[in-house]
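Here the structure is laid out as structure tokens; the discussion comes afterwards.
The values are calculated or read from the model by the stated rules, or taken from the named source; none is laboratory data. Just so it is clear, the model here is predicted, and its values are computed rather than measured. Positions of Cβ are backbone-derived with ideal geometry, glycine not excepted, and every protein chain shown enters the neighbour counts.
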Amino acid sequence: MHFQKIKQKIQASHSVDFGTVFNQSIELFKQTWAQGLIMMVLLIVSILVIEFIIIVPLIGLASASGSLNDINLQEFSFLLFLLVFVFVFLFFAAIITLVNGLLGGLYIVYKKADHNELYSTNDLFTLLKGDKIFKTFKVSILQMLITIGSVLLCFFPIIYTAIPISYIIVIYAFNPELSSTEIVSLAFALGNKNWFETFLLRIVISFVAMLGLFLCGIGYFATFAIVLIPMYYVYKHAVGFKEQNEIDTIGLSEEI
């Protein structure tokens with residue numbers, strides 16, 4: 001779907017109904033909670049692996065710097081700082097790319113489950129395969145820069161921009177062919193259009209997700225994914241999904 005067409009749909013759409021989206025989110029969660037749990041487990045394991053890969057070289061650098069005398073350390077300080085900066089940047093970039101890739105894959109699972117299509121754990125890696133992983137990296141870096149910029153502006157803007165930012169991966173998951181800037185532009189258009197409804201939904205759904213904490217905290221891994229579902233339904237309501245099977249759509253209007 002082209003950028004202008006999606007933007008026009010968002011502008012022409014009405015705000016979602018809180019009760020409808022809430023009920024739909026609960027029903028979809030019942031179908032897909034296992035995939036959400038798998039996503040959380042994969043995320044935690046992957047983060048631990050990335051930490052090991054990044055932190056071990058940093059420990060080596062710290063040991064090497066400790067063995068240098070004062071003169072050599074002064075000469076080495078700039079290079080050490082640069083290497084530490086590169087490692088830290090790579091660490092956060094890898095984490096954010098991984099998180100967004102898995103979250104985008106989970107949204108793809110939601111769509112398939114909502115449309116009664118077959119889905120599997122393999123769908124979680126859709127945006128981390130082949131040439132898509134570089135696109136996921138670009139989108140993630142842009143998302144990170146917007147978030148940092150919002151925090152630097154006296155913190156308050158992040159309260160507002162957090163909602164549009166949360167739609168970046170939703171837009172990307174269903175429109176990976178768009179450019180990174182187009183994805184961000186549409187995310188802000190959709191988030192601004194449904195800011196208040198999304199804010200309320202996330203607060204209420206977050207309380208539902210916290211019920212998992214009563215299961216010794218471990219249950220939260222299974223309930224966390226429910227927080228993501230309302231954004232899927234907001235996107236579905238505003239933009240929709242055009243079915244590709246023309247035989248099934250003969251005589252019917254385009255699905256919105």
(Q) So, in the range 118-169, how many residues would count as being part of a helix (DSSP H, G or I), closer than 19 Å to Ser46 by Cβ and among the small types (Gly, Ala, Ser)? (A) 1
Q. Would you say Leu61 is of a type in the set (A, V, I, L, M, F, W, C), modelled with pLDDT under 80 and either farther than 19 Å from Gly104 by Cα or exposed (fewer than 13 other Cβ atoms within 10 Å of the Cβ) (or both)?
A. yes
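Give the residue, chosen from Leu127, Leu186, that is free of Cβ contacts under 8 Å to residues at least 60 places away in the same chain and buried (at least 16 other Cβ atoms within 10 Å of the Cβ). Please lay out each step first, then the result.
Numbers: Leu186 fails: free of Cβ contacts under 8 Å to residues at least 60 places away in the same chain.
Result: Leu127 is the single residue among Leu127, Leu186 that is free of Cβ contacts under 8 Å to residues at least 60 places away in the same chain and buried (at least 16 other Cβ atoms within 10 Å of the Cβ).
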